[in-house]
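Here the structure comes first, spelled out in structure tokens, and everything after it is commentary.
Here, each number is a calculation from the coordinates, and none is a lab measurement. Predicted model only: the values in this text are computed from it and were never measured. Here the Cβ is made from the backbone with ideal geometry for all residues, glycine too, and neighbour counts use every protein chain on show.
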Amino acid sequence: MKLNDLKIGEEGVIKKVIAKENIRRRLMELGFLKGISIKPVLKNKSMTAYKLKGTVISIRKEDTADIEVTL
């Protein structure tokens, strides 16, 4: 399942980040790491805000397609 498949309030666990190297590094620096719990809290046409590690981070939808999660 991809991160962008999670619905608002549904919690998942990051399984793998499979983006290109520069985007993968940026996402990992923001806290998108394997084993981290993540929950979407707000969505619009181009971006989604996620709560992880006690903070809310908004990223582009095309970047969320490169993150695999489990429920």
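Comparing mean-square fluctuations of Leu52, Leu42, Leu33 from a GNM of the chain with C-alpha springs under 10 Å, the top value falls on Leu42. Largest mean-square fluctuation among Gly54, Gly31, Gly12, in a Gaussian network model of the chain whose springs join Cα atoms under 10 Å apart, belongs to Gly54. Relative contact order for the range 1-62: 29 percent, from Cα pairs under 8 Å spaced at least 6 residues apart, divided by residue count. Taking amide H as placed 1.01 Å from N in the peptide plane, Met47 has its amide H under 5 Å from the amide H of Lys61, each at least 5 places away in sequence or on another chain. Between Lys53 and Glu21, the C-beta separation translates, for a Förster distance of 22 Å, into a calculated FRET efficiency of about 0.45.
Sum -39500 (n - 2.57) across every DSSP H segment of at least 4 residues in the chain, then divide by the residue count to get the 222 nm mean residue ellipticity, nearest 500. The helix-only estimate for the chain comes to -4500 deg cm²/dmol at 222 nm.
Residues in the range 51-61 carry Karplus couplings, in order, of 9, 8, 6, x, 9, 10, 10, 9, 9, 5, 4 Hz; the curve used is 6.51 cos²θ - 1.76 cosθ + 1.60 with θ = phi - 60°, and Gly or Pro positions show x.
Recomputing Cα extents along the principal axes in Å from the coordinates shown identifies the correct label among (i) 39, 25, 21; (ii) 28, 25, 23; (iii) 65, 25, 19 as (ii).
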